[in-house]
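One structure is given below, encoded as structure tokens.
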Amino acid sequence: MPDAAVETRSSEATSGGATQQVDVAVVGAGFAGLYALHRLRKAGLSVVVLDEAEDVGGTWYWNRYPGARCDIQTVDYGYAFDPALESAWQWSEKYATQPEILRYLGFVADRYDLRRDIRFRTRVKAAAWDEAAQRWQLATDNGPRVSCRYYVMATGCLSAPKPPEIDGVRDFKGEVYFTGRWPHHEVNLTGKRVAVIGTGSSGIQAIPIIAEQAAHLTVFQRTANFALPAHNGPAPADRIALLEGDRAGYREQARWSLAGVPWPQQTTVSWQLSDAERRERFEKAWAAGDLIYTLSQLWADLGNDVDGNTLVADLIREKIRSIVTDPKTAATLAPFDHPFGAKRPCLDTNYYATYNRSNVTLVNLREEPIKAITASGIATDRRTIDLDVIVFATGFDAMTGAVTAVHPITGRGGKEISAVWANGPQTYLGLTVAGFPNLFLITGPGSPSVLSNMAVSIEQHVDWVVDRLVALREAGFTTIEATETAQAGWSRHLADCSMLTLHRLANTWYTGANVPGKPWGVMPYAGGVGPYRAICSEVVSRGMLGFRLSAPDAPEQCNDGEIVRLQPDVRLVLNMLADMKLPAIESLGAEGARAFLTMVNAGRPAGRPVGEIVDGTLTGTNGPLPYRLYRPATQGPHPIVVYFHGGGWVLGDEQSDDPFCRDMCRRSGMIIVSVGYRHAPEHRFPTAAEDGYAATRWIAEHAAELGGTPGPVLVAGWSAGGNIAAVTCQLARDRGGPRVGGQLLVCPVTDSTFDRPSYSENAEGYFLTRALMYWFWDIYCSPADRTDPRAAPLRGKLEGLPPAFVLTCEFDPLRDEGVAYAEALRAAGVPVEQLEARGHFHASFTMVDVVVTGVSGRARMAEALRRFAGLPQDTGQLRPDRNPLPPEASAAAE
Ligand SMILES: Cc1cc2nc3c(=O)[nH]c(=O)nc-3n(C[C@H](O)[C@H](O)[C@H](O)COP(=O)(O)OP(=O)(O)OC[C@H]3O[C@@H](n4cnc5c(N)ncnc54)[C@H](O)[C@@H]3O)c2cc1C
């Protein structure tokens, strides 16, 4: 088969109205475009890079405003593909200035002789896939058109400045500047009356320096942002020592880290620390002046839990109040409408202290909106401010702006990318778009990009793309295109990942909320740099899963499917378990399995505090049974939930689901009594079922003593515990009480057949295996007894049972019998709420604070319990556990 890509390499560039023929056209000569050019060339492909700028640098070419610097330490923010390059360049500061970063990128361009293939001052205006030629045709505003086999948009996430939304900019007679398009000539602000509109990263960097020059500076703030002191200076000795001690290891750790900077995963959660310990950690971070350190190293729940986040947000607000002398200004500067980190926090030098200067005024646009820009200044609805200069630091149309500015980009069948993205960007891996063959986006929406150290992400994206082009050539293919299935799966995975963080709780450029009319959605990949890298590699190892590869006169290859169907944190947990190469539980014997469970439980995060925990003993059918009672911190009495732990009737005890019981207690505001029912093989069927019933009766009879409200109790259980809860409801109905007000069944065992599809689909690989279920059944119950409704409640009479909430997980052998039970209950007239949890496995919902994506499901369970007990629903807003998501994101999460 002819290698069309190689064939075209020989064609010559032509000038004027002719067309330049290349294998690959790369748009953008920033960090990404430069590295792409270097790699593509080394791979033997002909390349042209086009950039509207006059030189290399991208971000660092355009953003020349006073104070512009990187906010990732420069030891980390640079290329790592060539150790010789690293030793040839020395950074002078912890956070390099824009001129220094621009010099660095120029140095890289020279070192690898890149400029000879770059066409500067050339904007790509439009791009069209030429079906007949199987090539992209690019229209430019300068010089020849470009025809290329592969079209790589390295156009930048933060390169399309957002136009001001204020009337009258053109009427203003003074000077107007945009931070993202700062002039190359000296801008003299000395003695001038200057306004800065916008207090994002650029504004926060520029404001202190402009304040030193201007006669008066007026800052217009719409949204207060969190800023941390950079404490710039020489690069910290400890980071340098780490890097120089093992450069390759350091870089590799960065590649597999969450944010592209090699910090270890923090495991201590906020509630495990005292106030003093948290403050000590915070002060250390404040003194360190490092964004990623502060975001990742304080406590593990800072980034995914509103309570854990509020603790640090409060400490930062306290700092702001301590720095800014005027209390009203301090209050205006204190962010209140988004969690710390949900909007990109800033690193600053003297930002808050700048407001103590007599020549600086802060205008809060939320109280005093701008009416118009006039010839002489800015008119708010309260006053007119005369100005000589207006600086717009209003940010970017992030992630999609530079892509859709090339208009139209027309793919297969005349489809335009702006139409395909009308409801939000759709990509596969953030790198490709279905219907747009041979188009690659570097740091596109759906890639980790702006949630990471972009130098690390860019290298990974470029390496992946170039390696694919080489592999295509070797296999004789000329086109590659994502499938719709793969792309839809990636969109779901992105939405799932956004549940891991608090980004969805803020209106930011991450979600498109800063651009009027832009569809809302968390655009970057929030699952982390390392996991993303692993997924990209898995796409390849699974035969280019989700891609269609073709060539003229060759059979097409399409291995269709979704790369990630598990919830992102479930995937991590299962990968971790697989890496541990644990023995099969059923091979350990009952005692060994119990010891194993105890060991596993010892290593899990401690559950969160509840009002009180009481251990006691209740009277069962044949003697005492232990219980553990979890009482809410609120004033009692509270309704009681009788809880049965999981463990296949063989493992566990009244404490083994401790984090889950605490969580249910906190969320539902009810007493949870976890029962230590007896286990097989010592006590086989029907002991567990009868113990469950007897315990429920005893607890109902002793409700007042336990601090419970009079009236019906509720029952709940997970796995085999769900089985006992379901059976208890049937026995209570048939044996004249106690009254049960509702049943919460989490992944319950409801039947004793193993022929439903979920048993074979999920037979292995999802922790609870088919073999383990066989083992549990064999130990608990002889085959002859398995049709007894006390073993298989699905076979019992279901009429007249209390309302139920039944949760099942997609990747669980027990899924289909749980669904069958819910359907059978409904058919019997029992009110049923069902949650079929997509991407979850058997233990997802009891692994509290590990499987964070289980939060919304647990919130729904708690709501169901409250409903069963006749309590009002909790309407707290800014808590992920109370489901604050927009409806579409919420639906995606389930
Ligand atoms: C002020 C500022 C500070 C930042 N600090 C950090 C930091 O500390 N750490 C970090 O990780 N990231 C930071 N970033 C993000 C930064 O954008 C990336 O780190 C990186 O520089 C992006 O490189 P890139 O090559 O992908 O895109 P860019 O550097 O944005 O380059 C894109 C290039 O494409 C060109 N282009 C776009 N469209 C067209 C077209 N149609 N035709 C021709 N040319 C086109 C543009 O002119 C531009 O030169 C910062 C961004 C800003 C704005």
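Cβ-Cβ contacts under 9 Å between residues 6 or more apart (or on different chains), taken from a first residue in segment 404-423 that is closer than 22 Å to Ala132 by Cβ to a second residue that is among the hydroxyl-bearing types (Ser, Thr, Tyr) and assigned to a helix (DSSP H, G or I), are listed as Pro408/Ser418; Ile409/Ser418; Ile417/Thr404.
Looking at segment 710-755, which of the residues that are aliphatic (A, V, I, L, M) and part of a strand (DSSP E or B) is nearest to Arg815 (Cα to Cα)? Checking each candidate, the answer is Val746.
Evaluate segment 104-113: report whether one residue or more is under 33 Å from the mean Cα position of the chain (by Cα), among the β-branched types (Val, Ile, Thr), closer than 18 Å to Ala235 by Cα and buried (at least 17 other Cβ atoms within 10 Å of the Cβ). Looking through segment 104-113, none of the residues is under 33 Å from the mean Cα position of the chain (by Cα), among the β-branched types (Val, Ile, Thr), closer than 18 Å to Ala235 by Cα and buried (at least 17 other Cβ atoms within 10 Å of the Cβ). If we keep just the residues of segment 26-51 that are of a type in the set (Gly, Ala, Ser) and part of a helix (DSSP H, G or I), which is farthest from the ligand (Cβ to nearest atom)? Out of the qualifying residues, it is Ala36.
For segment 739-772, which positions are within 17 Å of Arg795 (Cα to Cα) and of a type in the set (Ser, Thr, Tyr)? Those that are within 17 Å of Arg795 (Cα to Cα) and of a type in the set (Ser, Thr, Tyr): Thr750, Ser752, Thr753. Scanning segment 608-626 for residues that are charged (D, E, K, R) and more than 12 Å from Ser674 (Cβ to Cβ) gives Arg608, Glu612. Against the definition (at pLDDT 95 or above, buried (at least 22 other Cβ atoms within 10 Å of the Cβ) and in contact with a Ser or Thr (Cβ under 7 Å, 6 or more places away or on another chain)), how does Val124 come out, yes or no? Taking the combined requirement at face value, the residue satisfies it. All of Ala224, Ala211 fail the test of being assigned to a loop (DSSP other than H, G, I, E, B), more than 14 Å from the ligand (Cβ to nearest atom) and touching a residue at least 60 places away in the same chain (Cβ under 8 Å), apart from Ala224. Evaluate segment 517-530: report whether one residue or more is of a type in the set (A, V, I, L, M), within 16 Å of the ligand (Cβ to nearest atom) and assigned to a helix (DSSP H, G or I). Yes, segment 517-530 has at least one match. Checking Thr787, Thr728 one by one, the residue that is of a type in the set (Ser, Thr, Tyr) and free of Cβ contacts under 8 Å to residues at least 40 places away in the same chain is Thr787 and no other. Out of everything in segment 455-500 that is assigned to a helix (DSSP H, G or I) and hydroxyl-bearing (Ser, Thr, Tyr), what residue ends up being surrounded by the most Cβ atoms within 10 Å (Cβ to Cβ)? That would be Ser457. The residue of segment 425-470 that is farthest from the chain's Cα centre (by Cα), among those that are more than 10 Å from the ligand (Cβ to nearest atom) and of a type in the set (Ser, Thr, Tyr), is Thr432.
Going by the conditions given, is Ala127 within 14 Å of the ligand (Cβ to nearest atom), among the aliphatic types (A, V, I, L, M) and in contact with a Leu (Cβ under 6 Å, 6 or more places away or on another chain)? Yes, satisfied. Of the residues in segment 91-101, none is away from the ligand (no atom under 14 Å from the Cβ) and over 30 Å from Gly203 (Cα atoms).
Return yes when Asp113 is more than 30 Å from Glu244 (Cα to Cα), part of a loop (DSSP other than H, G, I, E, B) and more than 10 Å from the ligand (Cβ to nearest atom) and no when it is not. Answer is no for this residue.
Quick check on Thr687: is it surrounded by fewer than 23 Cβ atoms within 10 Å (Cβ to Cβ), of a type in the set (S, T, N, Q) and under 43 Å from the mean Cα position of the chain (by Cα)? It is false that Thr687 is surrounded by fewer than 23 Cβ atoms within 10 Å (Cβ to Cβ), of a type in the set (S, T, N, Q) and under 43 Å from the mean Cα position of the chain (by Cα). Gln73 falls short on exactly one of the conditions (1) within 10 Å of the ligand (Cβ to nearest atom); (2) closer than 26 Å to Ala393 by Cβ; (3) touching a Ser or Thr at 6+ places or on another chain (Cβ under 7 Å), and that condition is (3). Look at (1) more than 40 Å from the chain's Cα centre (by Cα); (2) surrounded by 23 or more Cβ atoms within 10 Å (Cβ to Cβ); (3) not acidic (Asp, Glu) and you find that Pro738 fails only one, number (2).
Among the residues of segment 227-237, the ones that are in contact with a strand residue (DSSP E or B) (Cβ under 6 Å, 6 or more places away or on another chain) and either away from the ligand (no atom under 16 Å from the Cβ) or farther than 26 Å from Gln90 by Cα (or both) come to 1 in all.
When you look at Tyr79, is it part of a helix (DSSP H, G or I) and in contact (Cβ under 8 Å) with a residue 60 or more places away in the chain, yes or no? So Tyr79 fails the test. Close contacts from segment 152-177, counting a first residue that is touching a residue at least 60 places away in the same chain (Cβ under 8 Å) and a second that is among the acidic types (Asp, Glu), with Cβ to Cβ under 6 Å and a gap of 6+ residues or different chains, come to Ala160/Asp397; Lys162/Asp397; Gly174/Asp388. Of Val391, Val406, all but one fail to be in a loop (DSSP other than H, G, I, E, B) and buried (at least 20 other Cβ atoms within 10 Å of the Cβ); the exception is Val406. The residues on offer are Arg279, Arg239, and the sole one that is closer than 27 Å to Thr329 by Cβ, basic (Lys, Arg) and in a helix (DSSP H, G or I) is Arg279.
The values are calculated or read from the model by the stated rules, or taken from the named source; none is laboratory data. Owing to the predicted nature of the structure, the values given are computational and were not obtained by experimental measurement. Cβ: placed from backbone, ideal geometry, glycine included. Neighbour counts: every protein chain shown.
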